[in-house]
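To start, the structure under review is shown below, and the notes come after it.
Bear in mind that the values in this text are calculations on the coordinates, not laboratory data. This is a predicted model, so every value here is computed, not measured. Counting neighbours? That spans all protein chains shown, and the Cβs are built from the backbone with ideal geometry, glycine included.
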């Protein structure tokens, strides 16, 4: 029964994503603009193919990565407040970004090196570095609470380090603000391909390991008594979490709330096993960010709203409405 | 008794040499010309020095870096997060800051005179210079403004006619925020006679959809070195004329400082832009 419901929901979310892709391809800097009109205009066609399509698809992929990471994090920590940025990846990425921007002005050597790696590469390295630091601090992946605490501490410390760096070089403030608010503006086909590859890998692994999270949800002792190889599985799941989050953050900056809201959205629509939940949460995250991206460039065109603001408005209001309707909670 | 009080007041008023309304609309009065000044805004620091009163500054904020002499002054935090204690300890006669700073109320409560000024446009710069001239009793503030204004015009006149009407995109940061026609930077562009691709309706610093820039197809792009990285690789941007023909001016951090600060160095900013146009405009 739940399997069928989950299947239906997944199909629905995919269809919604396709519909949104079509809408997204028609929303440009001049507002709504029919797709067919682009056939005769070289500039419009180029804008459609090189900018709008990859950007809309990229928004879905980034949202899907964050939704997936959020569901994995909430399952792994057995905590409905967990989000993908929990293990220090966000603060690591923004510290790396700040350092990269400072170095950019300092030495020609650093600039040449940065041009090769790109700011995206630096942010990705920072995100992974943040997670590694958390793991180092927690000593192992086995104590959930310790890991959680270490993640919070690393987040605060790296965040403070980033603030120190920006204080020292105030002219990077405006560039940092762009990164911290998150943006899907500059996602191209390369970024899409990269995110799609990582997404497929992460979905496959998470799907295969969903039963570990099911076992964990019954409590650590029970999971162990079920004969699940917890240590190894946990390590792999944390790797999935770090990889998915790092990839999304590197390409689109710190988009708020998708990772936290997407699993709740999926859970509020269907109760199911973790394998399916992770997939559904990923699809929901994709739809959420894609919708937010479309609204972000439609509402004030040709100006844009920060996309993170809209994910919070869209996802948050939906969750509030569900909570209100049930009178209870979402859990 | 009452009469005596009135007389005392009447006598006392002329002793208050200076009355000034700042940008908050607050009346500030000074018994004599302030001698110890703390400035918490780089453009105000530059304005004070332009009026030849650099020696009266006793401290500046951490972002003030021009002229060189202010670098050796004590720094008392930033405009939005100043170190109140350090400022009070310096016993300034007046603190100059932006209207947005929360520090004004606290400083006033501690008995320190505060003048809040907010230069945002060319007109504001002129007004701020006049106000500061009044505050510091500098007689030729108006002449100093006229010199700056004339230097901007001279920069515009130095440009060959073919440069006029170049369509320019000025990127403030890579979000991307653009400098709109109504911004200070936009005003400089207008004075130089070039076209801003951002229409006035979008306000001073709109966050643009990058598609808008591709469609507007500017002839020339101006950007600071912190935001220039990867600009040519942005999706679809290779088709923009400015990118295709390599007509991109990348400003150093020091140049960017003059370009974005609405202060007395606007003539230098205009010259920087003019040099870019001379070099890169089609």
- prompt: Normalised by the number of residues in chain A, what is the relative contact order in percent for Cα pairs under 8 Å and 6+ residues apart?
  reply: 31
statement: Of all DSSP beta bridges with both partners in chain B, the antiparallel percent, nearest 5, is 30
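When the helices in the protein assembly as shown are scored as -39500 (n - 2.57) per DSSP H run of 4 or longer and the sum is shared across all residues, what 222 nm value do you end up with, to the nearest 500 deg cm²/dmol? Display every interim value, and only then the final one.
Details: 24 runs with 362 residues, N = 613.
The helix contribution divided over the protein assembly as shown gives -19500 deg cm²/dmol.
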- prompt: Most exposed first by the Cβ proxy, i.e. fewest other Cβ within 10 Å, how do B:197, B:84 rank?
  reply: B:84, B:197
message: I'd like the distance separating the alpha-carbon centroids of the stretch A:238-284 and the stretch A:1-61, in whole Å.
response: 20
statement: With a Förster distance of 41 angstrom and the Cβ-Cβ distance between residue B:275 and residue A:42, calculated FRET efficiency to the nearest 0.05 equals 0.75
message: If every alpha-carbon in chain B counts as one equal scatterer, what log10 I(q)/I(0) does Debye give at q = 0.16 1/Å?
response: -1.18
message: Modelling each spin label as a point 7 Å along the Cα-to-Cβ direction, I'd like the residue B:100/residue A:160 distance in nm, to one decimal.
response: 2.7
statement: Cα-Cα pairs in the stretch A:1-134 separated by more than 22 Å, as a whole percent of all pairs, come to 61
statement: proj_area_mean for the stretch A:233-311 (convex hull on C-alpha atoms), units nm², value 5.7
- request: State, to one decimal in nm, how far the label point of residue B:158 lies from the label point of residue A:18, with both points 7 Å from Cα in the Cβ direction.
  value: 6.2
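Just how many % of Cα pairs in the stretch B:15-139 lie over 26 Å apart, if you round to the nearest whole percent?
Every Cα pair in the stretch B:15-139 considered, those over 26 Å come to 9 percent.
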query: Any number yet on Rg/Rh for the stretch B:192-243, C-alpha, Kirkwood?
result: 0.94
- request: On a 0 to 90° scale, report how tilted helix B:141-157 is relative to the longest principal axis of chain B, with both axes built from alpha carbons and the result rounded to the nearest 10.
  value: 0
task: Would you give the gap between the C-alpha center of the stretch B:17-91 and the C-alpha center of the stretch A:184-205, rounded to a whole Å?
output: 51
message: Under the rule a/c < 1.5 gives rounded, and otherwise a/b versus b/c splits prolate from oblate, where does the stretch A:11-52 land using the Cα gyration tensor?
response: prolate
- line: Restricted to the stretch B:160-280, the DSSP antiparallel beta bridge percent, nearest 5, is 25
field: Virtual spin-label span in nm between residue B:33 and residue B:123, 7 Å along Cα→Cβ
entry: 3.0
message: Springs between alpha-carbon pairs under 10 angstrom, Gaussian network model over chain A: which of A:211, A:274, A:143 fluctuates most?
response: A:143
- prompt: Of all the Cα-Cα pairs you can form in chain A, what percent are over 36 Å apart?
  reply: 19
message: So if I restrict to the alpha-carbon atoms in the protein assembly as shown, what is the Rg, and what is Dmax, the biggest pairwise distance, in Å?
response: 28.4, 99
statement: Diffusion coefficient in µm²/s returned for the stretch B:160-280 by Stokes-Einstein, Kirkwood Rh over C-alpha pairs, 37 °C and 0.692 mPa s, is 233
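Taking N as the number of residues in the stretch B:99-197, what is its Cα Rg relative to 2.2 N^0.38 Å? Please list the in-between numbers first.
Details: Rg = 17.9 Å, N = 99, 2.2 N^0.38 = 12.6 Å.
It is 1.42.
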field: Shielding by partners - mean other protein chain Cβ count within 10 Å, residues of A:173-183
entry: 4
- prompt: Given R₀ = 41 Å, FRET efficiency for residue B:54-residue A:153 by Cβ-Cβ distance, to 0.05?
  reply: 0.35
message: How high is the relative contact order of chain B? Use alpha-carbon pairs under 8 Å, at least six apart in sequence, and give a whole percent.
response: 16
task: Pick out which of B:109, B:242, B:139 has the largest mean-square fluctuation in a Gaussian network model of chain B, springs linking Cα atoms closer than 10 Å.
output: B:109
query: Pick from A:267, A:146, A:232: which residue has the top mean-square fluctuation in a GNM of chain A where Cα pairs under 10 Å get a spring?
result: A:232
- prompt: Looking at the protein assembly as shown, what % of its DSSP beta bridges pair antiparallel, to the nearest 5?
  reply: 35
query: Tilt of helix B:2-15 relative to the longest C-alpha principal axis of chain B, in degrees (0 to 90, nearest 10)?
result: 40
- prompt: Mean separation of Cα pairs under 8 Å and 6+ residues apart, divided by the residue count of the stretch B:160-280: what relative contact order is that in percent?
  reply: 26
- request: Per residue of A:46-55, count partner chain C-beta atoms within 10 Å of its C-beta, then hand back the mean as an integer.
  value: 5
- line: So for R0 = 30 Å, FRET eff. of residue A:232-residue A:193 from the Cβ-Cβ r, to 0.05, ends up at 0.50
